[in-house]
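Heads up, the thing below is written out as structure tokens.
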Amino acid sequence: VSVGLSIGAALYPRDGTDGETLMRHADIALQAAKHAGRQTYRFFEPAMNAALTRFLQTRDDLRAALEREEFVLHYQPQIELETGRLVGVEALVRWQRPGVGLVQPDAFIDVAEDSGLIVPLGGWVLREACRQAAAWRAAGWPDLVVAVNICAVQFRRGSLGAEVLAILEETGLPPAGLELELTESLLLEGQEEVLATVAQWQARGIQLAIDDFGTGYSSLAYLKRFAVDKVKIDRSFIVGMAEDDAARAIVQAIIDLAGGLKRRTLAEGVEEASLASQLRAMGCDEAQGYLYARPLAAADLERWLRAREVS
Ligand code: C2E
Ligand code: MG
Ligand code: MG
């Protein structure tokens, strides 16, 4: 048994003059300590109250949104630089919030992860993305691959390994039609369970990508150990390339490193044609970004695909 300790403290009379208020504020400080990575302490601050209230509100709204099925997937094309060929689409979740409009994931994914709601939400995303990809493959794009983002919480709280395989079975999408995007930190956690699950997926032929590469620990040992198919170079490096020699050097180093390990590289957030040709000259395999298309609703992506076939 290993015992951990997190402490939240509230001070009399600053944080409250009765027992109940002090306990509640100490509890909020405790949540903050846990949120800061556990094994630490926090003193209560009024701002924590506001942050917690916002968290709880968003969590409750998300839960209701899941029940009402207010989520929708948009798809962003991934292009092979050498040929201009479409190699896949990344599924990105949006929340169609009544009275608000389309809410981007940056506004709610954190809360979904911290509250555990990412488990049912991520399950929905996987099923919907696989269903849509299977439909597109049957409708005339037989090689289309859909990429789905997976976060660490989904591994920790669910039985993700089996769920993914069951969803493929259920939707009829062949494993080669699915790519899972994992982050470096997820792989670095390195629990045997994660390793075993990833190996199980790969044995079935599911493709794996490392997302936002370069922003985490970028462990070379893990890049070697995991036979991922694709390394997605984080947008921050790509954006910086035009003016910044250092960013360009980092991108070149990642391309060379991945190439040496026989992994494909994809540049995220490519907005300009000059950047795309530069990346191609540097040996980068694929690109994704507003230059080609923004993330599009399913019907819009179909129009985009057809328009490309004509031209
Ligand atoms: P990500 O996986 O790195 O996705 C790429 C993000 O970059 C998307 O933002 C996309 O719209 C944006 N992007 C693509 N091209 C360009 C460009 O040329 N310029 C600029 N400025 N941005 C570009 P989005 O859709 O807001 O998603 C943000 C993040 O939310 C994703 O980052 C991913 O980490 C997370 N996310 C989205 N959907 C899901 C999901 O279904 N499950 C999980 N776990 N996370 C998700
Ligand atoms: Mg991604
Ligand atoms: Mg990314």
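The values are calculated or read from the model by the stated rules, or taken from the named source; none is laboratory data. Just so it is clear, the model here is predicted, and its values are computed rather than measured. Here the Cβ positions follow ideal geometry from the backbone for every residue, glycine too, while neighbour counts run over all protein chains shown. Keep in mind that these areas ignore ligands, DNA and RNA; they rest on the heavy atoms of the full protein, side chains included. Shrake-Rupley method; radii C 1.70, N 1.55, O 1.52, S 1.80 Å.
A few notes on this one:
- Annotation for A221 and E80: the two label points, set 7 Å from Cα along the Cα-Cβ direction, are 3.6 nm apart.
- For the chain: relative contact order, % (alpha-carbon pairs under 8 angstrom, 6 or more apart): 14 percent
- Carbon/sulfur fraction of accessible area - the chain, other protein chains in place, 1.4 Å, %: 52 percent
- Rounded to 5, the percent of DSSP beta bridges in the chain classed as antiparallel: 40 percent
- Separation of the R157 and L56 label points, Cα + 7 Å toward Cβ, nm: 1.8 nm
- Segment 242-262 and segment 133-197: distance between their alpha carbon centers, rounded to Å: 27 Å
- Rounded to the nearest 20 debye, dipole of segment 28-72 from Cβ charges on Lys, Arg, Asp, Glu: 320 debye
- Put a dot 7 Å past the Cα of V310, heading toward its Cβ, do the same for Q252, and the two dots end up 4.2 nm apart.
- Protection proxy ranking of 249-255, 176-182 - average other beta-carbon atoms within 10 Å, highest first: 176-182, 249-255
- Theoretical gain in end-to-end length, E67 to A196 [0.36 nm per residue, Cα-Cα removed]: 43.2 nm
- When each of the peptides 130-137, 19-26 is scored by how many other beta carbons lie within 10 Å of its residues on average, the order from highest to lowest is 130-137, 19-26.
- The Cβ shell under 12 Å around E70 holds other residues with a net charge of +1, Lys and Arg each +1, Asp and Glu each -1.
- Mean separation of Cα contacts under 8 Å (6+ apart) over length of segment 63-152, as relative contact order %: 27 percent
- Annotation: lysines with alpha-carbon distance below 30 angstrom to K224 (same-chain offsets under eight excluded): K232, K262.
- Inverse mean reciprocal Cα-Cα distance (Kirkwood Rh) of the chain, Å: 21.4 Å
- Å² of accessible area per residue within the chain, as computed with a 1.4 Å probe and no ligands counted: 51 Å²
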